[in-house]
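Let me begin by presenting the structure, written as structure tokens, before commenting on it.
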Amino acid sequence: MTSTHSLANGTASDGPGPAVTVRPLPAVPGGWELAVRAFRCWLVMYRRTWRSSVWSSVLGPLFYLGAMGYGLGSLVDRNGTAALGGVPYVVFVAPAVLVVQAMNTAISNAMFPVFGGIHWNKIYVAARATMLRPADIYRGHLLFIALRIAMNSACFVVIMAAFGLIKSVWAVALLPASVLLGFAFAAPVAAWAVTLRTQTPMNYVVRFGSIPLMLFSGTFFPVSSLPGWLRPLAYATPLWHGVALCRALSTGTVDAGAAAIHVGYLVVMAAIGLWWGSRTYYRRLYV
Amino acid sequence: MSRVATVRSPSSLYSFASAFFGASSLPGKAALRLIERHARFYRRMWLVVLSGAVEPLFYLFSVGVGVGGLIGTVTGPGGVPVPYKTFVAPGLLAVSALNGALNDSTFNVFGRLKWEKLYDAVLATPVGPGEVALGEIGWAVLRGLLYSVPFLVVMAALGLITSPWALLALPGAALISFAVAAVGVACTTFMRSWQDFEYVVLVSVPLFLFSGTFYPLSVYPHVIAVIVEWSPLYQGVVILRDLVLGYPSLSLLWRAAYLLLLGLAGLAVAGRRIARLLLV
């Protein structure tokens, strides 16, 4: 075709050759459509690096289940299981390990790649040069993190089932619950990580955030064993809500009211994170 | 000569160490230069370095005190039942010695080797590749001690130390750090990219979880117990647990010799590999 002019009104009338129909530029897609494009970019990258992540994301939780659930459990169960709600220690711990790996996947994927998107491989800087808006970059990345959480959680749920650690049909809801918990962490953590100028604060989040959360949120021992003044703090953590929800689902002790509170807490946390992240990404990527 | 003297005079750590070790006769004294460099480099980041010491403490309070409340007593060294937190504390002391040494000798050494090109600069001076390896391992041991000394203090404050033999736990912890750091530096010289560090995690997590840190070896079937005996962390845990709880025996010397041998082998490999990678 010869005509390369862009014309506003339909057909090219000057010069020889056939008339060219010029369509108006497509409107900028709204909602999450552009976010899906950013998400597909992460998928392309992951297709080349997934092998190295499989080992640690699948085997890591399995190691914890073996050492804590079975090894330590053999010492705990000698004293009876009344404190654990009448289930063996490994059944008590397994849903907690599921939730902890969801949190860890969320936090590590929402911190280092986000920081790296600006400072290391600069994938955010590249994305900013396209029609993607900061909010699209943010949501696209969150979609990818949610996918990683879902993959790791699905693996672990299958492992739980294979080891006979699932005691109820409610367990079909373990996967969505685990993804919700991970998303509730990923949204605010990414919103925060994009604002960072140095990488040291991220180490503090792991040391003083995710490790204490993992150890004291009713995961390896019931919150009732904590000193009285620490208990309200543990009940206020998002991880405890995730642990309590998943433990109820896998042991079949679901209470509708309590489950609604857990889900509501995590949904609100995710929503606040999403709102905050649109703002921090906008400020960081448009300046 | 006078110029050399003016360069050397401000380095207080070096002059202290060389006076301490008998000055210039020390074979690896150039390694101290590298340690001094790291000490100066991390001076502004001491909080980051020190904050790594809290992780084993969190484990002590969670698993030792929290889960320990569900467990009660376990059979400790000498067949004597001890409270679970007393049992697990020396294990976590060994973990703190491992953590400090492993983080520095793998991630940081790789960064200096491939990204910062620190050793290219160092080897342009009279410092040799073997001394680079020795310096890095020495620094990692110091860092391991930086983690294990506060942990030992907390153990004493909580009344988890029941014997004066516990004083020997400090050199014991340093020995664990030495073995781990030497093997860590040696392995790091074979790493190709950051992706390979997934393997470090793949080794260190089971090492941490299954080396008799949290429960006695009797929990395992016999076959697995035999495999675990080869874990350097397991040997370190036994040394520290027997010392802290006051059951020293001659067999601890064999375990210590195993760790020392592992460390020396790592040191030799690390020096050769650094020479092969950088001195072409």
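The values are calculated or read from the model by the stated rules, or taken from the named source; none is laboratory data. Everything numeric here is computed off the predicted structure, so don't read it as measured data. Every residue, glycine among them, receives a Cβ derived from its backbone with ideal geometry; neighbour counts consider all protein chains shown.
Every residue in the range B:131-153 that is over 20 Å from B:L233 (Cβ atoms), touching a Leu at 6+ places or on another chain (Cβ under 8 Å) and hydrophobic (A, V, I, L, M, F, W, C), please.
B:V132, B:A133, B:L134, B:W139
Within the range B:193-237, restricting attention to residues that are at the interface with chain A (Cβ under 10 Å from one of its Cβ atoms), farther than 20 Å from B:T75 by Cβ and polar (S, T, N, Q), which residue is surrounded by the fewest Cβ atoms within 10 Å (Cβ to Cβ)?
By that ranking, first place goes to B:S193.
Going through A:A161, A:A234 one at a time, which residue ends up being closer than 24 Å to A:G86 by Cα, within 14 Å of another protein chain (Cβ to nearest Cβ) and free of Cβ contacts under 8 Å to residues at least 40 places away in the same chain?
Criteria check complete, one pass: A:A234.
Can you tell me which of (1) surrounded by fewer than 21 Cβ atoms within 10 Å (Cβ to Cβ); (2) on the phi > 0 side of the Ramachandran plot; (3) not hydroxyl-bearing (S, T, Y) is the one A:G218 doesn't meet?
Against the list (1) surrounded by fewer than 21 Cβ atoms within 10 Å (Cβ to Cβ); (2) on the phi > 0 side of the Ramachandran plot; (3) not hydroxyl-bearing (S, T, Y), A:G218 comes up short only on (1).
Inside the range B:47-160, counting only helices (runs of 4 or more DSSP H) that do not spill past its ends, which hold 1 or more residues that are away from chain A (no Cβ under 14 Å), of a type in the set (A, V, I, L, M) and over 19 Å from B:G263 (Cα atoms)?
Values: elements: B:54-59, B:68-71, B:84-103, B:118-123, B:129-157.
By residue number, B:84-103, B:118-123, B:129-157.
Taking A:G80 as the residue in question, decide whether it is more than 13 Å from chain B (Cβ to nearest Cβ), within 30 Å of A:S225 (Cα to Cα) and either surrounded by fewer than 22 Cβ atoms within 10 Å (Cβ to Cβ) or of a type in the set (K, R) (or both). Break it down into steps so the answer makes sense when it comes.
Working: more than 13 Å from chain B (Cβ to nearest Cβ): no; within 30 Å of A:S225 (Cα to Cα): yes; either surrounded by fewer than 22 Cβ atoms within 10 Å (Cβ to Cβ) or of a type in the set (K, R) (or both): yes.
So A:G80 does not fit the description; no.
Quick one: count up the residues across the range A:78-103 that are touching a Phe, Trp or Tyr at 6+ places or on another chain (Cβ under 6 Å) and modelled with pLDDT under 95.
1
Against the condition modelled with pLDDT under 95 and of a type in the set (V, I, T), how does B:I224 come out, does it pass?
yes
Failed condition for B:L252, given (1) under 19 Å from A:Y70 (Cβ atoms); (2) among the hydrophobic types (A, V, I, L, M, F, W, C); (3) crowded, with 18+ Cβ neighbours inside 10 Å, with all others met?
Only one criterion in (1) under 19 Å from A:Y70 (Cβ atoms); (2) among the hydrophobic types (A, V, I, L, M, F, W, C); (3) crowded, with 18+ Cβ neighbours inside 10 Å is unmet by B:L252, namely (1).
Could you give every pair whose Cβ atoms fall below 6 Å, whose first residue belongs to the range B:230-241 and is more than 14 Å from B:N99 (Cβ to Cβ), and whose second residue is in a loop (DSSP other than H, G, I, E, B) and not β-branched (V, I, T), counting only separations of at least 6 or pairs across chains?
B:S231/B:S211; B:Y234/B:S211; B:Y234/B:G212
Taking the range A:192-210 as the region of interest, how many residues are within 21 Å of A:G273 (Cα to Cα) and free of Cβ contacts under 8 Å to residues at least 40 places away in the same chain? Walk me through how you get there before you give the answer.
Within the range A:192-210, the first condition is being within 21 Å of A:G273 (Cα to Cα), and the residues that meet it are A:192-197, A:199, A:201-206, A:208-210.
Retained after the next criterion (residues that are free of Cβ contacts under 8 Å to residues at least 40 places away in the same chain): A:197, A:201, A:203-204, A:208.
So the answer is 5.
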